[in-house]
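Worksheet for the structure shown next.
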Amino acid sequence: MDNANGTSCIQNSHSSSVIASPDANLGRHLARRLVEIGVEDVFSVPGDFNLTLLDHLIAEPRLKNVGCCNELNAGYAADGYARSRGVGACVVTFTVGGLSVINAIAGAYSENLPIICIVGGPNTNDYGTNRILHHTIGLPDFSQELRCFQTVTCYQAVINNLEDAHEQIDRAISTALIERKPVYISVSCNLPATPHPTFSRDPIPFFLSPRLSSKKGLEAAVDAAVAFLSKAVKPVMIGGPKLRVAKACDAFAELADSSGYAMAMMPSAKGLVPEKHPHFIGTYWGAVGTSYCAEIVESADAYLFAGPVFNDYSSVGYSLLIKREKALIVQPDRVVIGNGPAFGCVLMKDFLSELAKKVKKNETAYDNYRRIFVPEGTPPKPEPNEPLRVNVLFQHVQKMLSADTAVIAETGDSWFNCQKLKLPEGCGYVTNKSLTAWYPFYFESLDGKSSCCRYQFQMQYGSIGWSVGATLGYAQSEPKKRVVSFIGDGSFQVTAQDVSTMIRCDQKTIIFLINNGGYTIEVEIHDGPYNVIKNWNYTGLVDAIHNGEGNCWTQKVRTEEELIEAIATATGEKKDCLCFIEVIVHKDDTSKELLEWGSRVCSANGRPPNPQ
């Protein structure tokens, strides 16, 4: 029937309100959908193809536009936001913006992060013509950007007519949430403001059908796993990064409680379960993990890996001393025991929960760990005004951490130094209650259990510069947390501009800029003159960006005394400021773990070709 404004709409039993005709358009529908799934901030860079769309996004009172300095950082910010909220969104313009943000979207794909990447596209009248548009490579084919995104997103929607726009938007967003991957939505620049009957009511909330385990498959997998583990004398369990995407962190901790196994985490899973757990033995990262952890794991006669990712970085150049026939590998929807059998359609969360009910308690490996464990020492006390060492820096950082902090580590030596931080209660783990307050439909539809890491780094993709944008996005999503970021000077030079956005958003982050004169992680893999960078006056740069607008405080530190004073100021007098602390250290001051890891990765990279 037709309403009073002449807009045609379909009546149904849903009690959603009728939307006034001027707001019954694509732009406002997309805004309402983003809010519904928990997005309160979109990270954008304006361009002529997305300006009208941005008008309608910011017209939604529950949605804030966060303008970024470049598209790459907008994508990284959406990545950081999704790590906390479960989903993020960014808006860029056609091709020049899309191809700029795509590196960040690829990183999010590798880390299983749902990001709604929205691109303002060409006018609908230009499709199918022989016209050449600006922001393209000079060909009348407008599909270049789409083809690029097809490999790094799980769904692509090109919206150049209104008839199916509602369906395409909803399908794209729901696919991102189900697959836990980014999606691409291109919206023609002349469509966001055009009213259409399909947008005349508030959108009906998504219902995401929960994925279920095969009952018989689950029973068979659990029985086979119990038989496999019961034969072991000293089994262990190791958590991997896919615990998060499988929403199985709680189930993994429950299994640790019931089994009594020594429990370790892979480096990219740090913080997914509480490090205060009584059987937690540290990070399993082969030769560069927590002391005594690798010895216990690799000497075990059975190891349960839940959600692992074995790549050249996490395996330290493929040097882990584990054997497939001893491994029980649990992936988000599949269980493989030794060299077989394998069980499909079995969800990790269900499998771990059922296994916890049947597994026999065995604390042998943990008892062995306690026998060999020797507490770590502390760095030698520096002489007065001695140049600051990195291990002394992190000794003081450890004292800063609390339930009110979150840690972000940039690619580089910060990976290794932050792995050694002991996350206090609340810093590394949060229950699903706070998450369901943001987007309850999503978690309720998937049984309402989740845990979220308050320690973040990008190990799979390892894109230097990621942490600046990710810090912006994470801090924006967690205003009650104080984010503490560790960024190398080389990485900072890639993406430094969006410190400006942090100041504009009144964020309270503490950034430790590690100034050691180059790409230290690459030096330890393969050194050369290309790893030396031009030194910047980093505090001077941030002061210039600050320009007297907003709250920002900077400080250079060269000694332990200066560091102690700077931390006291950042956590005291300047606790409501963005604090930027430039830590000047020797170019060869690295963790011992990076030295070992670098040599092994170098060896893996340098393998000669196999004989043909």
Handout entry: Hits in the stretch 149-208 (condition: within 17 Å of residue 36 (Cα to Cα), assigned to a loop (DSSP other than H, G, I, E, B) and over 30 Å from the mean Cα position of the chain (by Cα))
Key = 200, 202
Exercise for the section: Pairs only if they're at least six apart or on different chains, beta carbon under 6 angstrom, first in the stretch 509-526 and under 14 Å from residue 493 (Cβ atoms) and open to solvent by less than 20 Å² (accessible area, probe 1.4 Å), second among the charged types (D, E, K, R) and at pLDDT 95 or above; list them, first residue then second. Expected result: 513/582; 515/489; 515/582
Exercise for the section: State all residues of the stretch 233-267 that are open to solvent by 10 Å² or more (accessible area, probe 1.4 Å), out of contact with any Ser or Thr (no Cβ under 8 Å at 6 or more places or on another chain) and touching a residue at least 40 places away in the same chain (Cβ under 8 Å); if no residue qualifies, say none. Expected result: 242, 245, 246, 257, 258
Problem - residue 534 being at pLDDT 95 or above and touching a strand residue (DSSP E or B) at 6+ places or on another chain (Cβ under 8 Å) - result: no
Fill in the blank from the handout: Matching residues in the stretch 179-199 (out of contact with any Leu (no Cβ under 8 Å at 6 or more places or on another chain), under 18 Å from residue 105 (Cα atoms) and open to solvent by 10 Å² or more (accessible area, probe 1.4 Å)) number 1
Exercise for the section: Those residues that are β-branched (Val, Ile, Thr) and surrounded by fewer than 21 Cβ atoms within 10 Å (Cβ to Cβ), I need them from the stretch 465-502; list them, please. Expected result: 494
Handout entry: residue 136 in a loop (DSSP other than H, G, I, E, B), buried (at least 16 other Cβ atoms within 10 Å of the Cβ) and among the polar types (S, T, N, Q)
Key = yes
Handout entry: Options 356, 403: the member that is modelled with pLDDT under 95 and among the hydrophobic types (A, V, I, L, M, F, W, C)
Key = 403
Exercise for the section: Return only the number of the condition from (1) of a type outside the set (S, T, N, Q); (2) under 30 Å from residue 267 (Cβ atoms); (3) in contact (Cβ under 8 Å) with a residue 40 or more places away in the chain that residue 166 does not satisfy. Expected result: (2)
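The values are calculated or read from the model by the stated rules, or taken from the named source; none is laboratory data. Because the structure is predicted, anything quoted here is derived from the model rather than measured. Don't worry about glycine lacking a Cβ; one is built from the backbone with ideal geometry, like all the others, and counts go over all protein chains shown. Accessible surface is based on the protein model in full, side chains and every heavy atom, while ligands, DNA and RNA are left aside. Shrake-Rupley method; radii C 1.70, N 1.55, O 1.52, S 1.80 Å.
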